Every structure is written in C-alpha cells, then in structure tokens.
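Here the structure is laid out as structure tokens; the discussion comes afterwards.
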C-alpha cells in the first residue's frame, strides 16, 4: 500500500508529459510546413543574439516598468520550478526534500530565495493584471485583443498566482509539520515568506496539516503539468520558443530586403544584353508562385515567429501606420498567421499528411489588403519586438504576391512603378524634359 502514492504520481506525471510531448510535436510539425531557409550561418552572432534577447531579456527593459516586472516573473518562475526536480524525485521515490541532506546550508538559501521570488512574482502579476484590466493600457485594448486573446492573458496571470500560492502554502504547512517533529518530515529549508501564512494553519491538528500539505503538494505538481499543456493553446509558447526564435532571427541590417532572384535575372536581361541567362543556377528557376498568400507559402522561420509572438503589442504601439489610425497592426499579422497555421496543421493531420482545400487563405480571409498596403516598411515593429519576430517579412511577401501574381497594387503605386519603368523615375515626366522647369519664370 505504501507504493500506491508513488505509482499514482508516476501515472499522473506520465500522462502530463505525454500530452505535453504530443502538443510540442504538433507545433514542430506545423513549423516544418514552411519552406526551407538558410538560418544556420554566423553561429557565433546567433548564440550572442539568443543570449542577449531570450536569456538576458535585453529588449524588455527598453520599457522599464513592464521590463523589470517581466524579468521578475521570468526569473522567478524559472528558478522556482527548479524545485520541481525535487518534487518529481520525491514523488517517484516517496522521499521528503531529498536534496536537503546533500546541499546542507545551501538548501536553506535556495528555498528562502525561491520563496522571496514567489512573493515578487505574485506582486508583479498583480501589477500586470491592474495594467490590463484597471488602467487598460492602450496597446492591450486594440481590436485584435478582444475575446480569447484577452481572456488568455488573464488566465495566465491567474495561473501564476495560484501556482505561487500553492508553492507557499505547501511550504507553510511543511514548515509547521517540521516544527511538530512529524515523522518523515525532515527539518530542512528556510521559509521567510510562507512563515507569514502560519496563522492560517496554526489551529489545525497534525493529521489535518499532513492532509493539507499533501493536497498543496499534489495540486502544485498537477497545476504545473496543466500549465505546461495549456501553453500549446496560449500565447505563452514563447516561454519555450523565444530561444530558438532569437537564435534563427534575421541578422541582416533592418533596411535590407531580400532580392527575388527571378526578378533580378529579368532586370539583368533588360539592362545587360550580354548577360548569360543560361548561366543562372537551376535553383533560380521560376517558382510556382511569387510571394505569399497562405501559411504554406511561408518559410519555417516566419511560422516559428508566429508561434513565438507574445501578443505584448510593442510592435503595434511603435507602428506609425497604426498610430495614425490605419487598420494595420503588426501584432494582428502574427496572431492571424498563427491561427491560420493551426487550422492548416489540423487539416494536414486530419487528412493524413495531405491538405484538402478549405476554401480559405491567410490573405483576405484573415489579413486584408488594406492592412498590407498601410505598412510603411519602416521596420519599427521588428526593432521593437523583444524576441526577434519579423512581421515585416510576412507583409512584404504578401505584397509581392498581390503585385506579381494578382497585379493588385494600389493605383498610385502602379502609376509610380510605371513611371520608373518608362521614365526612370517616380514622376510622370520624360527624362529629357525633367529639367525644363528651370527655364520657367
């Protein structure tokens, strides 16, 4: 009978990890639907970029209040869950604070630090909740943040508060049981925060305290497993994906756009009669489609970007088009891309690796042409993103599809491009007549 809790723990842990693995595989398979792109160069720069952005949170502190609060939650949540390792070992072996005898006094420092961080996490999360629901910061009130996105953000905050409270309550009842010299409760750990919860449990008998401590212990580990599996349905996948996303981010200068090799070839044919078109490599052959109209046309880094989006809205708040009342929101571009990718991925799984047309596309059904043409291509959204997401690459690829596949650019833009083609400049004047205005009185 003494092994029943251990077996039950093993079953719960196995179920939780199995679902988590299944969900992560779905994310990976969806990202693999994207086209190949070389992001394996300049590895030293990529490691530095990942260390600064994902691990060091260097862009978060550009906005000090939210940045510092986020670092507290990030560091606190990661470090506190180091204790999860001990919980797993204790659950499997039936031990109690198994690491304490090996770490000695350092164990007390660890637990004390974890408790202080848990308290700071609770304070930071409360401030985040106030900013979203009481102060109602403008970037959290945009149209794309209504419904599920807003509820999801609040659910995460509630989750974190509950998990931290369970952690502190587990320690509070554990500490009381240690002070009562309860069998199997090794005296270990320092409890600078949970000690203030003792009045809540002082009046309970030893047997009730054991039940409460075990209840908090079980709820804490089950809550973490639920949280881990909730990530797939939440914007908080960035907890896992921020690291690969910053590693594979575009390291080129922000103002540098990728040339389409097929267009380059055509321009060279027009400009240089001696250009050998047969010398062009086979990889530059005309593609089936110019640009992007759906997620399966994108490269895998763009799809990784979509899954990594934190929906923080820094990109949208920096977007000059959005600031002047235009419909464009870079955050919405990424959210729409992720939603469509999930839909397409489910289609592939349902049809055993084949895509059966559902009559929809990312373009028009999710993202309107009005949004795309409102973009000034200034890169403000790319610069603002704390985890290296590039909404502009998606916007420009979809514009390329509209222009080269559908001839559907705005009239003024078509006129400008026609003038460049015919006159060598954006203006509707022959280059022979361009300076005639100097002779006018």
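Here are the numbers:
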read-out: Helices (runs of 4 or more DSSP H) lying entirely in region 252-337 (those with 2 or more residues that are modelled with pLDDT of 95 or more and either in the same structural domain as residue 49 (by TED's automatic domain parsing) or over 24 Å from residue 404 (Cα atoms) (or both)); value: 300-308, 314-318, 320-323
read-out: Residue list for region 324-358, filter: closer than 20 Å to residue 378 by Cβ and surrounded by fewer than 21 Cβ atoms within 10 Å (Cβ to Cβ); value: 324, 325, 326, 327
read-out: Residue 111 surrounded by 13 or more Cβ atoms within 10 Å (Cβ to Cβ) and either in contact (Cβ under 8 Å) with a residue 60 or more places away in the chain or under 30 Å from residue 188 (Cβ atoms) (or both); value: yes
read-out: Of the criteria (1) on the phi > 0 side of the Ramachandran plot; (2) free of Cβ contacts under 8 Å to residues at least 40 places away in the same chain, which one residue 184 fails; value: (2)
read-out: Search result, residues across region 372-408 that are over 21 Å from the mean Cα position of the chain (by Cα), surrounded by fewer than 20 Cβ atoms within 10 Å (Cβ to Cβ) and not in a helix (DSSP H, G or I); value: 376, 377, 378, 405, 406, 407, 408
read-out: The listed residue being surrounded by fewer than 18 Cβ atoms within 10 Å (Cβ to Cβ), under 30 Å from residue 347 (Cβ atoms) and out of contact with any strand residue (DSSP E or B) (no Cβ under 7 Å at 6 or more places or on another chain), out of 33, 93; value: 33
read-out: Filter result (over 14 Å from residue 237 (Cα atoms) and either in contact (Cβ under 8 Å) with a residue 12 or more places away in the chain or out of contact with any helix residue (DSSP H, G or I) (no Cβ under 9 Å at 6 or more places or on another chain) (or both)) within region 333-347; value: 333, 336, 337, 340, 341, 343, 344, 345, 347
read-out: Only listed residue being on the phi < 0 side of the Ramachandran plot and surrounded by fewer than 16 Cβ atoms within 10 Å (Cβ to Cβ), chosen from 231, 200, 225, 241; value: 200
read-out: Check on residue 199, in a loop (DSSP other than H, G, I, E, B) and either in the same structural domain as residue 109 (by TED's automatic domain parsing) or in contact (Cβ under 8 Å) with a residue 12 or more places away in the chain (or both); value: no
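Residue-by-condition table, conditions (1) over 29 Å from residue 53 (Cα atoms); (2) outside any helix (DSSP H, G or I):
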{"position": "155", "(1), (2)": "no, no"}
{"position": "162", "(1), (2)": "no, no"}
{"position": "171", "(1), (2)": "yes, no"}
{"position": "178", "(1), (2)": "yes, no"}
{"position": "203", "(1), (2)": "yes, yes"}
{"position": "216", "(1), (2)": "yes, no"}
{"position": "222", "(1), (2)": "yes, no"}
{"position": "227", "(1), (2)": "no, no"}
{"position": "236", "(1), (2)": "no, no"}
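The values are calculated or read from the model by the stated rules, or taken from the named source; none is laboratory data. This is a predicted model, so every value here is computed, not measured. Reconstructed Cβ throughout: ideal geometry from the backbone, glycine too, with neighbour counts over all protein chains shown.
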